[in-house]
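The values are calculated or read from the model by the stated rules, or taken from the named source; none is laboratory data. Note that the structure is predicted; figures quoted are calculated from it, not measured. FYI the Cβ positions are ideal-geometry reconstructions off the backbone, even for glycines, and counts take in every protein chain you see.
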Amino acid sequence: MAEQARVIMGQAQAEGRAYLMEHESKAILEGFGISTTGSRVARSEEEAVDIFQSIGAPVALKVLSPDVVHKSDAGGVKLDVKSAAEVRAAFREISSAFQGKKLAGISVQRMAKPGIEAIVGVTQDATFGPMLMFGLGGVFVEVLKDVSFRSIPITESDADEMIEEIKGSVLLRGFRGHSADIQALKRLMLLISDIVVKNPQISEMDLNPVFLYPDGYTVVDARIILGEPRPAQPSAKHAPEASDLHDLFYPKSVAVIGASATPGKLGWNVFTNLVTHEFKGRLYPINPKADQIYGIRAYPRISDVPEPVDVAIILVSAGMTPEVVEECCECGVRYIVVESAGFAELGLAGKEIELQMKEIADKYGVRLLGPNCSGIINTHCSMVQSIGLVDALSKGNIGLISQAGVCAAGMLWGLRHIMDFGIIATIGNKLDINETDILETVSTDENIDVICMYLESVKAGRRFIDSASRITLQKPIVVLKSGRTEAGKKAVASHTASLAGNDQIFSEVFRQSGIIRARDYEHMFNLARAISKQPLPDREGVFIITYAGSLGVIAADAITDNGLQLADLEPELKDRLKELLPDYVGGMNPVDYTFSQNAEVVKKTIEIGVESEEVGSFIVVLQAEILESYVESLKGIDFKGKPIIACVAGKEFAMPEVIKMEKAGIPVFSTPEEVADALAIMHRHERRVKRMRAAKSP
Ligand code: ADP
Ligand code: MG
């Protein structure tokens, strides 16, 4: 009955109304097979009595007016009306309460029997488009804001997660005689998602309340808000095949326009980085005033270079870039990286220049990274395009996609000691190539095992969700999203919209996509270190070895708080362990060696734990003062796919040894809480991937 929906929406639009009244909204929902308390309209007392008689007592009467959004606030809802006389009285009361308002009539509908009150809604997010919301009614949404969101369209497992995620979800599964038909609720949510996909003019929706029963549900109140039909999500004509940008990351030739022979200039920095890291490709400095830079022949213009280059890095001033972009395009450059700043980030004039550049690049079908970025680092082809000078890097398996250019060079100076990057891509103003384009390309790079992203905004919206959902089943993605403020002004016509904080939407979208959201900078890099160096734990049990009882206890608490548990070793392994333990060591997990802990006993203890079916991961609390002695012994263990993270209190005072341990592939964290948090996140991710893969395979 999509036809009925079209008629109702068409009529409202013809009258210039965005808000569909309850009877209209319910008629649309009923047309799609959704069960409601009804949508009949009485225009007179007589009609009201007639409808009452055909429904049977009790009924509810409600005002229907294009001017009244919250009906009960103004006395527009009369419940439990049981006789013809009461119907007449209720009709008159509502009519007089809304005198002077435009009345479309008064709704007479059956009273729904009491159930668990829920709310299902739809709102628009500026980044991700239509979002489905679910929550329990009453104080749960009003006071606790206990709601979940997912980007539309949702999958069945999204619906499952939305229901499970809210704190009130225990009530639905059965509590003191109340329970809800979860299957029916899921069908309702999937149907709403589908209706919104098929009717893009629906902007917002509130089904509030929906009564949930042990068997089925009924929609008691509904409103739909129409908007401009949504434009298709910006997957655009450029939506790249996954490997589309491969040569941007592995170019055979790079030209630097604005390369300089003068130390201190950005054009010198960039070219120096390419030379000193020994880029494995051909380099062309472009500078009309130089014959050579670092002994490499320079050319006055890009058009003088004897071959069409794969990548041209542009470092000239903003005003000159459109001209240079055009020149690059004309002589067959495939990718342009604009590292200059002074564009949209400065205001309208800069934005204008950006648009010119974009138009030129589009005309030639050339892809452009930046502007206002710091290029790409790919250690696997020894390519460093950064604006800041970068010291020697090892080849690694971490991909980092970062919005802010400066964050790359500055932080790398330190981080390179304890983590190894494969690719670092800075995205700048995202004029053309955006975070999702890069994510898709980096995800197919076999040198990369884990992807970190620092984002301030997301450009590709739904495409980001679709790509990330697919990628996270293969490679973990850790995102640090900043700018965690509310999105400011919000249409308040629907309750759902007022509940949707911008930052919560990001969190929920990340969850929907299987992305791990980092709390802060350090958290992101802790997780990156752990995931890039260690396998994911495939079971809950944790085996803790410590020299300090307190740190063992803290670790035990922290793993339980995070949903993991202490592994209980099998009896024969306990016997083996007992033989190893000195008399004064009591517990079997945590094993607390006190002052006698050394590399040898820790190794032997781990080797027992590795054999256990119960152990999924290891936490070893190590002494900073003898940290080095552990490096070789831990390296020599066959962990059989079980992860280990070391906890070293005061590790910042033993950095040379920490670096050795990290280079040996064992992450070193400062506190037991950090370790437990990381292991739990890794385990949750592993479980989700398994569950999703199982759901996908028939
Ligand atoms: P409002 O526009 O104020 O949201 P509602 O239609 O939601 O108006 O009515 C307010 C409350 O009255 C609902 O939350 C529900 O508890 C109760 N109610 C409304 N209609 C019915 C009905 N048909 N059966 C049972 N309860 C109803
Ligand atoms: Mg309501």
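Quick look at the numbers
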{"item": "Any hit, region 233-247, residues being at pLDDT 55 or above, more than 16 Å from residue 366 (Cβ to Cβ) and in a helix (DSSP H, G or I)", "result": "no"}
{"item": "Conditions (1) assigned to a loop (DSSP other than H, G, I, E, B); (2) more than 13 Å from residue 545 (Cα to Cα): number failed by residue 615", "result": "(2)"}
{"item": "Matching residues, region 461-499, being crowded, with 16+ Cβ neighbours inside 10 Å, modelled with pLDDT under 65 and not β-branched (Val, Ile, Thr)", "result": "490, 493, 494, 495, 497, 499"}
{"item": "Looking only at region 507-526, and only at residues there that are out of contact with any Asp or Glu (no Cβ under 9 Å at 6 or more places or on another chain) and in a helix (DSSP H, G or I), the one that is modelled with the lowest pLDDT", "result": "521"}
{"item": "For residue 81: the one exception among (1) buried (at least 21 other Cβ atoms within 10 Å of the Cβ); (2) free of Cβ contacts under 8 Å to residues at least 24 places away in the same chain", "result": "(2)"}
{"item": "Residue within region 101-120 that is more than 16 Å from ligand 2 (Cβ to nearest atom), crowded, with 16+ Cβ neighbours inside 10 Å and hydroxyl-bearing (Ser, Thr, Tyr) present", "result": "no"}
{"item": "Filter pass, residue 27 being more than 16 Å from ligand 2 (Cβ to nearest atom), without any contact (Cβ under 8 Å) to a residue 12 or more places away in the chain and closer than 28 Å to residue 204 by Cα", "result": "no"}
{"item": "Within region 532-569, tally of residues that are part of a loop (DSSP other than H, G, I, E, B) and of a type outside the set (Gly, Ala, Ser)", "result": "12"}
{"item": "Filter result for the condition that a residue is under 39 Å from the mean Cα position of the chain (by Cα), more than 16 Å from ligand 2 (Cβ to nearest atom) and over 30 Å from residue 183 (Cβ atoms), over 17, 88, 6, 43", "result": "17"}
{"item": "Any pair with Cβ under 8 angstrom, 6 or more apart, that starts in region 53-66 at a residue that is on the phi > 0 side of the Ramachandran plot and ends at one that is part of a strand (DSSP E or B) and near ligand 1 (Cβ under 9 Å from one of its atoms)", "result": "56/110"}
{"item": "Candidate set from region 666-698 (those that are exposed (fewer than 14 other Cβ atoms within 10 Å of the Cβ) and closer than 26 Å to residue 613 by Cα); member that is modelled with the lowest pLDDT", "result": "695"}
{"item": "Residue check for residue 202: surrounded by 16 or more Cβ atoms within 10 Å (Cβ to Cβ) and touching a residue at least 40 places away in the same chain (Cβ under 8 Å)", "result": "yes"}
{"item": "Exclusive hit being farther than 14 Å from residue 661 by Cβ and out of contact with any Lys or Arg (no Cβ under 6 Å at 6 or more places or on another chain), set 614, 632", "result": "614"}
{"item": "Long-range neighbours under 7 Å by Cβ, at least six apart or interchain, first residue more than 17 Å from residue 172 (Cβ to Cβ) within region 106-134, second more than 9 Å from ligand 1 (Cβ to nearest atom) and among the aromatic types (Phe, Trp, Tyr)", "result": "106/91; 108/52; 131/149"}
{"item": "Subset of region 74-96 that is over 19 Å from residue 40 (Cα atoms) and within 13 Å of ligand 1 (Cβ to nearest atom) - its residue that is modelled with the highest pLDDT", "result": "75"}
{"item": "Any pair with Cβ under 6 angstrom, 6 or more apart, that starts in region 536-552 at a residue that is under 15 Å from residue 676 (Cα atoms) and ends at one that is among the aromatic types (Phe, Trp, Tyr) and buried (at least 20 other Cβ atoms within 10 Å of the Cβ)", "result": "543/618"}
{"item": "Residue match in region 588-609 (condition: touching a Gly at 6+ places or on another chain (Cβ under 7 Å), surrounded by 14 or more Cβ atoms within 10 Å (Cβ to Cβ), within 9 Å of residue 543 (Cβ to Cβ) and small (Gly, Ala, Ser))", "result": "no"}
{"item": "Inter-residue pairs, beta-carbon under 9 Å, first more than 18 Å from residue 668 (Cα to Cα) and in region 513-524, second in a helix (DSSP H, G or I) and of a type in the set (Ser, Thr, Tyr), 6+ apart", "result": "513/467; 513/469; 514/469; 515/469; 517/507"}
{"item": "Checking residue 126 against (1) more than 38 Å from the chain's Cα centre (by Cα); (2) under 30 Å from residue 162 (Cβ atoms); (3) away from ligand 1 (no atom under 12 Å from the Cβ), the condition it does not meet", "result": "(1)"}
{"item": "Strands (runs of 3 or more DSSP E) fully within region 289-404 counting 1 or more residues that are under 18 Å from residue 258 (Cβ atoms)", "result": "311-314, 335-338, 367-369, 376-378"}
{"item": "Options 95, 83, 148; residue that is more than 15 Å from ligand 2 (Cβ to nearest atom), outside the structural domain of residue 45 (by TED's automatic domain parsing) and among the polar types (S, T, N, Q)", "result": "148"}
{"item": "Checking residue 45 against (1) surrounded by fewer than 21 Cβ atoms within 10 Å (Cβ to Cβ); (2) within 13 Å of ligand 1 (Cβ to nearest atom), the condition it does not meet", "result": "(2)"}
{"item": "Residue in region 300-318 that is modelled with pLDDT under 95, assigned by TED's automatic domain parsing to the domain that holds residue 357 and among the polar types (S, T, N, Q) present", "result": "yes"}
{"item": "Residue ID - farthest from residue 8 (Cα to Cα), chosen from residues in region 220-229 that are within 10 Å of ligand 2 (Cβ to nearest atom) and in a strand (DSSP E or B)", "result": "222"}
{"item": "Selection within region 60-78 - charged (D, E, K, R), in contact with a helix residue (DSSP H, G or I) (Cβ under 7 Å, 6 or more places away or on another chain) and away from ligand 2 (no atom under 13 Å from the Cβ)", "result": "78"}
{"item": "Total residues in region 151-182, condition in contact with an Asp or Glu (Cβ under 6 Å, 6 or more places away or on another chain) and either at pLDDT below 95 or closer than 16 Å to residue 140 by Cβ (or both)", "result": "3"}
{"item": "Search result, residues across region 135-149 that are aliphatic (A, V, I, L, M), in contact (Cβ under 8 Å) with a residue 12 or more places away in the chain and farther than 30 Å from residue 456 by Cα", "result": "136"}
